[in-house]
Amino acid sequence: MRAHSLLILSVTLAAPLPALAQNQVPISRSERTVEGINRSIESNSEIRGIQQQNRFENNQIRGDIQRQQSMPQPPVVVPRR
């Protein structure tokens, strides 16, 4: 029973170690370079997505404005007093 408890405890404590290893700062210069390049690629991808979304919204607004301008304006009617 005691050996079983120790086994469960050791497995429980050992489980988070691989996750911790993934979050370590790269040691070598080449690893730091690769991490920097990866961050740059991710940032560029996020920026590109934001730019695409902005372009889409701007085009939607332009289309709305063009539709409104192409419609005939209703005459302005001033009620008599």
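Nothing in this text is a laboratory measurement; each read-out follows from the coordinates by a stated rule. Here the structure is a predicted model, which is why all the values come from computation and not from measurement. For neighbour counting, all protein chains shown are included, and Cβ atoms are generated from backbone atoms with ideal geometry for every residue, glycine included.
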For the stretch 60-73, 3J(HN,Hα) per residue [Karplus equation, 6.51 cos²θ - 1.76 cosθ + 1.60, θ = phi - 60°, Hz, x = Gly/Pro]: 4, 5, 4, x, 4, 5, 4, 5, 5, 6, 7, 7, x, 7
With the cut-off at 1.5 for a/c, could you classify the stretch 25-68 from its C-alpha gyration tensor as rounded, prolate or oblate? prolate
With point charges of +1 on the Cβ of Lys and Arg and -1 on the Cβ of Asp and Glu, referenced to the Cα centre of the stretch 25-68, which listed residue (Gln51, Ile41, Ser28) lies farthest in the positive direction of the dipole? Gln51
